[in-house]
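Only the coordinates and a few stated rules stand behind these numbers; no lab work does. None of these values were measured; they are calculated from a predicted model. Counting neighbours? That spans all protein chains shown, and the Cβs are built from the backbone with ideal geometry, glycine included.
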Amino acid sequence: MKIGVLILAGACGVIVGIVIGYVAGTRVSQAFARLPVTDRSPAAQALRIVSQIATEHGLTRDALLKAMIDPQAGGEGTERLGKGTGKDRRDLAR
């Protein structure tokens, strides 16, 4: 009887430890996610800026980089105003 109570108490302790560890881990993970990015490499900063600009304009980062590097091939993934829509540019400007 005494051994059974000890086993039960140990099992409850393990379960409580797992729950506490999960909750603490989740909160620590969320806290780290809120911290500002501290990567100071120029390449990482440039990609972050490009990603931010791309999302502001509704593009993917790849499409924006492609358009920046090769203006002739950059329009493949995005459609420009008045081209291919069947509408006149003057209609789109209104």
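Considering every Cα-Cα pair within region 2-69, what fraction, in whole percent, is farther apart than 19 Å?
Distances greater than 19 Å cover 63 percent of the Cα pairs.
Fully extended, how many nm does the chain gain between Ile69 and Lys2 (0.36 nm per residue separation, minus their Cα-Cα distance)? Walk me through the numbers before you get to the answer.
Numbers: separation 67, 0.36 × 67 = 24.12 nm, distance 7.53 nm.
Additional length available on full extension: 16.6 nm.
Where does each of 12-25, 43-56 land if you order them by average Cβ count within 10 Å, highest first?
The peptides rank, most packed first, as 43-56, 12-25.
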